Protein chains: 2
Amino acid sequence: MKEKKYYSYSEFRDDLKLLVQKIDYKFDTIIAIARGGLSIAQLLGEYYNIRKVYSINTIGYNGEQKLDKTEIFNIPNLDNSQNILIVDDIVDSGDTLILTLNKLKEIYPQKKFKTASIFYKPSAIIQPNYSIKEAKEWIEFFWSEDLKLI
Amino acid sequence: MKEKKYYSYSEFRDDLKLLVQKIDYKFDTIIAIARGGLSIAQLLGEYYNIRKVYSINTIGYNGEQKLDKTEIFNIPNLDNSQNILIVDDIVDSGDTLILTLNKLKEIYPQKKFKTASIFYKPSAIIQPNYSIKEAKEWIEFFWSEDLKLI
């Protein structure tokens, strides 16, 4: 059975401090892959004083031929954006990130996209441009756990 | 000069625990007023197991006749939603919330909307359906402050 690791807000805050030191990219828009990237997008939006903080949604389901499929919806309008940072909590298989990135590049071929996450996995099919630490266990993020203990 | 109050993650978490006990509304979609409502939306989305977590953006500017104006953009598509909870960190003057609510009701007159925030002010022109505490000072939210101290 896979080890679990609780990831607290204070670790998150400290990792974001490292992340902003790594990011050498001037962007005008942040897109959070929901739900995982929402808090990251909020803190980075505040830090960089960016108000164009959007979200995009993905949903995975089993298709008719039992293939795992992921669909992208709620795609933000980027007409007034040029350099975009896409954020997520973890790049696991990389499926969600690559699908999101390809979809956005297809709709907005003239825009520049870079990606950031806190956790990455060496086995993923895509690595984010900026990330902090390898996910060696199953991560239980504070935003999934902290309201459970009511 | 107005008093300032730092609002930490642990206070936020505890207030959200109170908020979910207050909310007696079955909703299928959460809309965060960005940026303030993003973390709230993430934690509530996880708690209620709702994947339709969207964001909406507002921007305030001074109009030609020096009137303060607020504009709504990045309006999510709600075709597949019925009962929506709009969340924000604080309802201060209430301008943003009422504008957002009216805009969404205008586009989606058949949908049901309710609103939630952590902080409210008795002087606001609209009160959220669910909220936790009165803002008596200027609130410095952890998501605005915590990356500053690098």
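Specify the residue that is farthest from A:P128 (Cα to Cα); the eligible residues are those in region A:18-37 that are part of a helix (DSSP H, G or I) and touching a residue at least 40 places away in the same chain (Cβ under 8 Å). Only one residue fits best here, namely A:L18.
Of all the listed residues (A:L101, A:L38, A:L44), the sole one being among the aliphatic types (A, V, I, L, M), modelled with pLDDT of 95 or more and farther than 23 Å from B:I33 by Cα is A:L101. Among the residues making up region B:96-119, a single one is within 17 Å of B:N80 (Cα to Cα) and open to solvent by less than 10 Å² (accessible area, probe 1.4 Å): B:L104. Pairs meeting the criteria (first residue in region A:68-92 and at positive phi, second residue not in a strand (DSSP E or B), beta carbons under 7 Å, at least 6 apart or on different chains) are A:N74/B:P76; A:N74/B:N77. From B:S39, B:S81, B:S55, B:S8, which residue is within 21 Å of B:S144 (Cβ to Cβ) and over 14 Å from the mean Cα position of the chain (by Cα)? Result of the check over B:S39, B:S81, B:S55, B:S8: B:S8.
The number of residues in region A:120-130 that are within 30 Å of B:R13 (Cα to Cα) and open to solvent by 20 Å² or more (accessible area, probe 1.4 Å) comes to 2.
If you check B:E71, B:E140 for being modelled with pLDDT of 95 or more and open to solvent by 10 Å² or more (accessible area, probe 1.4 Å), only one passes: B:E140. Flag not set for A:Y61, criterion: among the hydroxyl-bearing types (S, T, Y) and at pLDDT 95 or above. Listed conditions (1) in contact (Cβ under 8 Å) with a residue 12 or more places away in the chain; (2) buried (at least 18 other Cβ atoms within 10 Å of the Cβ); (3) not hydroxyl-bearing (S, T, Y) are all met by B:E46, apart from (1). Selection of strands (runs of 3 or more DSSP E) fully inside region B:55-150 by the criterion of at least 1 residues being more than 14 Å from chain A (Cβ to nearest Cβ) and farther than 21 Å from B:Q21 by Cα returns B:68-73, B:138-141. Per the conditions (1) in contact with an Asp or Glu (Cβ under 7 Å, 6 or more places away or on another chain); (2) among the basic types (K, R); (3) within 22 Å of B:S55 (Cβ to Cβ), the sole criterion not satisfied by A:K121 is (3).
The values are calculated or read from the model by the stated rules, or taken from the named source; none is laboratory data. No experiment lies behind these values; they were computed from the predicted model shown. Glycine gets a Cβ as well: all are built from the backbone with ideal geometry, and neighbour counts include every protein chain shown. SASA here: full protein model, heavy atoms, side chains in, ligands and nucleic acids out. Shrake-Rupley method; radii C 1.70, N 1.55, O 1.52, S 1.80 Å.
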